[in-house]
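S.K.: First the structure, then my questions, so here it is.
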Amino acid sequence: MSVRIEEPDGIVLQARDVRFDWSQVPLHWIPGDPVASHLINVLHMLLPAGEEWFVRVFKEAVPHIRDERLREDVLGFIGQEAMHAASHDGVLEHFVAQGLDVRPFTRQVDFLFEGLLGDRGLTGDRRRSWLNERVSLIAAIEHFTGVLGDWILNAEALDRAGADPTMLDLLRWHGAEEVEHRHVAHDLFMHLDGTYSARLRAMAETVSMLVALWQRGHRFLMAADPIVQGRIKGGLRHLRRTGPAGLTPDGRMMGASIRRYLRRDYSPLREGSTAQALEYLASSPAAQAALR
């Protein structure tokens with residue numbers, strides 16, 4: 001198990017049954033900036049299939065957990081990730097209703113997670129090895145979701161740009177829960193495997209996968225957008241403008257986070273603040289409506 005830095009005590013991870021009304025949310029929810037809007041909208045195309053995959057893999061891992069606190073954390077993680085997937089599915093339905101058909105791209109994402117990274121029907125040691133491999137990948141991906149969650153909670157430039165409040169609440173509710181449970185995947189990886197070589201390999205594979213998906217996803221959205229109609233070519237080169245402007249994560253910030261992950265003494269609890277995450281969840285319109 002990884003060593004935990006002091007954090008608020010007694011947190012029980014729980015799924016919040018949130019609902020969002022997308023009817024008034026524009027396709028370019030950062031006003032006048034389809035490029036930045038779609039750089040973040042790529043997330044909506046990746047997360048439903050990805051987080052449903054997280055849930056399937058972690059359910060398979062539960063019988064192998066020998067630590068009761070970790071078991072409780074993993075079950076809470078599963079509940080939160082299932083709700084995240086369902087919430088982003090709602091955004092995709094809204095996109096389709098607005099004339100942006102994302103289904104050709106999401107079918108490819110489904111194939112990645114259900115086919116290439118899915119259950120291969122293995123048995124015995126080979127099944128356990130494949131489980132550990134996928135848990136290591138999820139731990140690496142969850143490092144990025146935690147970093148992105150911390151970023152969105154502090155992305156004041158989006159407020160100044162007039163970003164749609166419903167979309168911001170979705171992203172910040174999701175980001176806050178990613179910060180809240182940012183230690184779970186790493187703890188599970190350390191419990192089941194924990195080798196440094198597996199952590200290095202998983203990060204290399206994750207970076208390659210995410211860069212490719214984000215590049216292709218942004219190009220797809222810019223080409224399929226019924227308003228832009230392909231007049232602006234998509235691609236990660238746009239981060240050179242949107243990152244320093246604070247409208248999207250900055251490439252240098254993400255690079256620095258990778259270097260931290262590769263440290264042998266890495267702890268996810270050094271990324272972001274649980275207290276800040278809980279403070280947002282206590283004020284989030286969607287999270288508070290779920291409580292009521």
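Rule-based calculations on the coordinates, nothing more; no lab input. Note that the structure is a prediction, hence the values are computed from the model and not measured. For neighbour counting, all protein chains shown are included, and Cβ atoms are generated from backbone atoms with ideal geometry for every residue, glycine included.
S.K.: If packing is taken as the average number of other Cβ atoms within 10 Å across a peptide's residues, how do 115-126, 210-221, 41-52, 147-158 rank, most packed first? Don't jump to the answer; show the numbers that get you there.
M.R.: Values: 115-126: 10.8, 210-221: 18.3, 41-52: 22.4, 147-158: 20.3.
Listed from highest to lowest mean packing, they are 41-52, 147-158, 210-221, 115-126.
S.K.: Please work out the C-alpha center-to-center distance from segment 50-75 to segment 87-122 and express it in whole Å.
M.R.: 23 Å
S.K.: Express in nm, to one decimal, how much length is gained between residue 292 and residue 122 on full extension, taking 0.36 nm for each residue of separation and deducting their alpha carbon distance. Walk me through the numbers before you get to the answer.
M.R.: Numbers: separation 170, 0.36 × 170 = 61.20 nm, distance 4.47 nm.
Full-extension gain reported as 56.7 nm.
S.K.: Based on DSSP H runs of at least 4 residues, each adding -39500 (n - 2.57), what is the mean residue ellipticity at 222 nm of the chain after dividing by all its residues, to the nearest 500 deg cm²/dmol? Provide the component values of the computation, followed by the final result.
M.R.: Working: 12 runs with 185 residues, N = 292.
Helix contribution divided over all residues of the chain: -21000 deg cm²/dmol.
S.K.: With each pseudo-label sitting 7 Å past Cα toward Cβ, what's the residue 75-residue 227 distance in nm, one decimal?
M.R.: 4.5 nm
S.K.: Nearest 0.05, what FRET efficiency do residue 89 and residue 207 give at R0 = 35 Å with Cβ-Cβ as r? Working shown, then result.
M.R.: On the way: r = 26 Å, r/R0 = 0.74.
Result of the calculation: an efficiency of 0.85.
S.K.: What FRET efficiency comes out for the pair residue 237/residue 279, r = Cβ-Cβ distance, R0 = 30 Å, nearest 0.05?
M.R.: Values: r = 36 Å, r/R0 = 1.18.
Step by step, r from the Cβ atoms, then E = 0.25.
S.K.: Over its Cα atoms, what ratio of radius of gyration to 2.2 N^0.38 Å does segment 34-291 give? It would help to have the intermediate numbers written out before the result.
M.R.: Values: Rg = 18.0 Å, N = 258, 2.2 N^0.38 = 18.1 Å.
For segment 34-291, the normalised Cα radius of gyration comes out at 0.99.
S.K.: I'd like to compare 222-229, 31-38: which one has the highest average count of other Cβ atoms within 10 Å, and what's the full order after that? All intermediate terms of the calculation are to be shown ahead of the outcome.
M.R.: On the way: 222-229: 16.0, 31-38: 19.9.
Per-residue mean Cβ counts within 10 Å order the peptides as 31-38, 222-229.
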